Amino acid sequence: MSLLERTAAVADRLRELPAFPRLQGPHVRLREPRADDVDTVFELFSDPDTMRYWSRPPMRQRREAEAYVDSIARGFSERSFLNWLVADHDDRMIGSCTLYDIQVPHLRAGIGYALLPQQRGRGLAGEAVMLALGWGFDVLGLHRIEADAHPDNAASRRLLERLGFRFEGLLRQRFVTRDEIQDSAIYGLLRDEFRPKL
């Protein structure tokens, strides 16, 4: 298949998705948001510890979480990103995992993730990211998935490296936050480097 045919196939698959994809792993599932997730979205994205390494400040009002949930539906309808909520076996939201900045002509996307503080350290983020990577590579047909991490976020950097991402360099003073101008550690994973570990 030529590169032109590959990009056309990815565009077709993305456009023809019948519904928001639901992904199931041994311990977590990735699903679309529901109205009853708003409070947990706010809990996650208003947490200063979680947002310490993000390029935006913590949420301050519940309506920001409502707008965030609405933006997920818009992103899916435009096919510009897929923002799954990570849920446990009781279908309670415990985090977020996103394929963002989907660049069909370049067969690539970025990946981002966050878990509630009480859910960390149990391998759940790695499982969620692995599910999203598998979908991006094997179902959608992407060639490359990128991630950027704050250089001080050792836990996130270890997770990416465990999943096979390669550190590709440091982009200096890339994001302006309320507290600093922060660098980005850039990671990349190619389709033929992906090794599912679920």
note = Counting only residues that are in contact with a helix residue (DSSP H, G or I) (Cβ under 9 Å, 6 or more places away or on another chain) and either within 13 Å of G110 (Cβ to Cβ) or open to solvent by 60 Å² or more (accessible area, probe 1.4 Å) (or both), the stretch 156-198 contains a total of 11
request  = Being of a type in the set (A, V, I, L, M, F, W, C), surrounded by fewer than 18 Cβ atoms within 10 Å (Cβ to Cβ) and within 17 Å of the chain's Cα centre (by Cα) is the filter; apply it to the stretch 15-55 and report the residue that is farthest from E180 (Cα to Cα).
outcome  = F20
Counted residues, the stretch 137-152 - those being more than 16 Å from the chain's Cα centre (by Cα), at pLDDT below 95 and either buried (at least 17 other Cβ atoms within 10 Å of the Cβ) or over 25 Å from R60 (Cα atoms) (or both) = 1
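Name the one entry in E127, E78, E66, E146 that is among the acidic types (D, E) and under 15 Å from R34 (Cα atoms).
Values: E127 fails: under 15 Å from R34 (Cα atoms); E78 fails: under 15 Å from R34 (Cα atoms); E146 fails: under 15 Å from R34 (Cα atoms).
One residue alone meets the criteria, E66.
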Tabulated pairs, the stretch 97-124, first of a type in the set (K, R), second part of a strand (DSSP E or B), C-beta under 6 angstrom, 6+ apart or interchain = R108/R144
remark   = Scanning the stretch 25-58 residue by residue, the ones that are out of contact with any strand residue (DSSP E or B) (no Cβ under 8 Å at 6 or more places or on another chain), hydrophobic (A, V, I, L, M, F, W, C) and modelled with pLDDT under 95 total 2
ask   = Within the set of pairs 6+ apart or on separate chains, which have a first residue in the stretch 160-188 that is within 22 Å of V129 (Cα to Cα), a second that is among the basic types (K, R), and C-beta atoms under 7 Å apart?
value = G164/R195; S184/R174; A185/R157; Y187/R166; G188/R144; G188/R166
request  = Please indicate, with yes or no, whether at least one residue in the stretch 115-136 is modelled with pLDDT under 95, assigned to a strand (DSSP E or B) and among the small types (G, A, S).
outcome  = no
key: Members of the stretch 21-59 found to be of a type in the set (A, V, I, L, M) and part of a helix (DSSP H, G or I), listed by number   = A35, V38, V41, L44, M51
remark   = Scanning the stretch 103-127 for residues that are open to solvent by less than 20 Å² (accessible area, probe 1.4 Å) and not small (G, A, S), the one nearest to H143 (Cα to Cα) turns out to be L107
inquiry  = For the stretch 156-198, which positions are farther than 19 Å from H143 by Cα and either in contact with a Leu (Cβ under 8 Å, 6 or more places away or on another chain) or of a type in the set (D, E) (or both)?
reply    = D179, E180, D183, S184, A185, L198
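Pick out the one residue from M1, M93, M51 that is closer than 23 Å to H143 by Cα, out of contact with any Phe, Trp or Tyr (no Cβ under 6 Å at 6 or more places or on another chain) and either in contact (Cβ under 8 Å) with a residue 60 or more places away in the chain or hydrophobic (A, V, I, L, M, F, W, C) (or both). Before the answer, list the steps.
Working: M93 fails: closer than 23 Å to H143 by Cα; M51 fails: closer than 23 Å to H143 by Cα.
Answer to the selection: M1.
The values are calculated or read from the model by the stated rules, or taken from the named source; none is laboratory data. Keep in mind that this is a model prediction, so the values were computed, not measured. Reconstructed Cβ throughout: ideal geometry from the backbone, glycine too, with neighbour counts over all protein chains shown. Accessible surface areas use protein heavy atoms only, side chains included; no ligands, DNA or RNA. Shrake-Rupley method; radii C 1.70, N 1.55, O 1.52, S 1.80 Å.
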